[in-house]
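Structure first, then comments.
The values are calculated or read from the model by the stated rules, or taken from the named source; none is laboratory data. In this text the structure is predicted, and so the values were computed from the model without any measurement. All Cβ positions, glycine included, derive from the backbone under ideal geometry; neighbour counts span all protein chains shown.
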């Protein structure tokens, strides 16, 4: 029995995902190896090994969900939402959450830590897709659930994940048919709330003013933005060469995580950045194409929501690193080092691949030869003769009707 060729959308998504993962492994090693050695860890591949470990778990989830994801999606979406809410809330319980750099966003101990907010944003996308598919373009219940989730995220605090979630859900609401006028009012209210929150906290206020003029304090508040600009400016068109970055060695903080785009620009230049943009463009095109071809409304919205989530996160990272918006700590999807983000996004890509593989096609069953096939052929010929007689009678009747009308 011949295997059916996978749709082009499936091939494009799988190829782009694997290319992003492989490219991320190379760049994580390049961005972290020198600093790992100089810090005394003695292993230049320390962060690469962890990246590959998390990637292996994520790829296993991807291949399982790419075959069976849609079959269990509707039943597991409410459970996934409740679990992600409970885990995100548990982060805020004293003694349970792990604090790093002033933010409490992780559960676990030692090297085994998980960031529930990464799971929450995917669960929200799946829940809203299911809600819009079953109840139509409703807005109020979506705002209630997403509003509570964003409040939990801001309490950690995690404004980056909050922004990614809001933008992705906004795109999903547009795809679900919610009126643009209503969405514009909600967007205006969210923008005002974001400004108030940014001005209320001293460190957010400092980030906002630093974004407007990072060179006003290049050694303190604006240090990370300035070093990112130096790295990108040093790369030029073709870059200084893979592994030859200077900024990654104790100059640019978080070089292998949130700011890895600056290292890509320095080592591979504008050409390397445009290649990365092209890969995300393939994900966007193939994901939205899969959504368009999907067989039902729920599947369409799931594909549109996951695609929006990945693309919005990539765009926000690009804007932050290039200085077009304040730094928010959003990792570059499937490129930056980050265990929770890598596993969850690869699993989400598995769902998207499942939609691309099966969502828009109807399988045709071939009729085997033999007596039944011959009988089927005789029945088809008989049906054709009957159809021809009816068509002939209809044409003669039509002609007679025209003659009577003319007379």
Quiz prompt | In segment 98-125, the residues that are farther than 23 Å from residue 57 by Cα and either surrounded by 24 or more Cβ atoms within 10 Å (Cβ to Cβ) or in contact with a strand residue (DSSP E or B) (Cβ under 9 Å, 6 or more places away or on another chain) (or both) | solution = 99, 100, 104
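Among the candidates 51, 46, which residue alone is under 22 Å from residue 114 (Cβ atoms), surrounded by 18 or more Cβ atoms within 10 Å (Cβ to Cβ) and touching a helix residue (DSSP H, G or I) at 6+ places or on another chain (Cβ under 6 Å)?
Numbers: 46 fails: surrounded by 18 or more Cβ atoms within 10 Å (Cβ to Cβ).
Checking each option against the conditions leaves just 51.
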Practice problem: Could you tell me whether residue 34 is buried (at least 17 other Cβ atoms within 10 Å of the Cβ), touching a residue at least 12 places away in the same chain (Cβ under 8 Å) and within 19 Å of the chain's Cα centre (by Cα)? | Solution: no
Quiz item: Before we move on, is residue 359 within 20 Å of the chain's Cα centre (by Cα), modelled with pLDDT under 90 and surrounded by 14 or more Cβ atoms within 10 Å (Cβ to Cβ)?
Solution: yes
Practice problem: Go through segment 278-291 and give me each residue that's in contact (Cβ under 8 Å) with a residue 24 or more places away in the chain and either surrounded by fewer than 24 Cβ atoms within 10 Å (Cβ to Cβ) or within 30 Å of residue 234 (Cβ to Cβ) (or both). | Solution: 279, 280, 282, 283, 284, 285, 289
Quiz item: Only one residue in 165, 134 is within 19 Å of the chain's Cα centre (by Cα), touching a residue at least 12 places away in the same chain (Cβ under 8 Å) and assigned to a helix (DSSP H, G or I). Which one?
Solution: 165
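Collect the residues in segment 9-31 that are in contact (Cβ under 8 Å) with a residue 40 or more places away in the chain and either more than 14 Å from residue 346 (Cα to Cα) or not in a helix (DSSP H, G or I) (or both), keeping them in residue-number order. It would help to see each step written out before you state the result.
To start, the set of residues in segment 9-31 that are in contact (Cβ under 8 Å) with a residue 40 or more places away in the chain comprises 9-10, 12-17, 19-21, 23-24, 26-28, 30-31.
Selection gives 9, 10, 12, 23, 26, 27, 28, 30, 31.
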Practice problem: Sort out which residues of segment 65-76 are surrounded by fewer than 20 Cβ atoms within 10 Å (Cβ to Cβ) and either within 19 Å of residue 301 (Cβ to Cβ) or modelled with pLDDT of 95 or more (or both), and write them in order of number. | Solution: 71, 72, 74, 75, 76
Quiz item: Of the residues that sit in segment 242-256 and are surrounded by fewer than 19 Cβ atoms within 10 Å (Cβ to Cβ) and within 22 Å of residue 334 (Cα to Cα), which one is modelled with the lowest pLDDT?
Solution: 254
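Given the options 216, 225, name the one that is surrounded by 16 or more Cβ atoms within 10 Å (Cβ to Cβ), in contact with a helix residue (DSSP H, G or I) (Cβ under 9 Å, 6 or more places away or on another chain) and over 24 Å from residue 155 (Cβ atoms).
225
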Quiz item: Going through segment 66-115 one residue at a time, which ones are part of a helix (DSSP H, G or I), touching a residue at least 60 places away in the same chain (Cβ under 8 Å) and under 25 Å from residue 337 (Cβ atoms)?
Solution: 66, 88, 91
Practice problem: Restricting attention to helices (runs of 4 or more DSSP H) lying wholly within segment 174-264, give those where 2 or more residues are under 30 Å from residue 22 (Cα atoms) and touching a residue at least 12 places away in the same chain (Cβ under 8 Å). | Solution: 223-235
Quiz item: Scanning segment 146-172 for residues that are within 19 Å of residue 80 (Cα to Cα) and out of contact with any helix residue (DSSP H, G or I) (no Cβ under 7 Å at 6 or more places or on another chain), which turns out surrounded by the most Cβ atoms within 10 Å (Cβ to Cβ)?
Solution: 148
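Condition check: at pLDDT 95 or above, touching a helix residue (DSSP H, G or I) at 6+ places or on another chain (Cβ under 7 Å) and more than 27 Å from residue 227 (Cα to Cα). Does residue 311 satisfy that?
Numbers: at pLDDT 95 or above: yes; touching a helix residue (DSSP H, G or I) at 6+ places or on another chain (Cβ under 7 Å): yes; more than 27 Å from residue 227 (Cα to Cα): no.
Considered against the rule, which asks whether it is at pLDDT 95 or above, touching a helix residue (DSSP H, G or I) at 6+ places or on another chain (Cβ under 7 Å) and more than 27 Å from residue 227 (Cα to Cα), residue 311 comes out as no.
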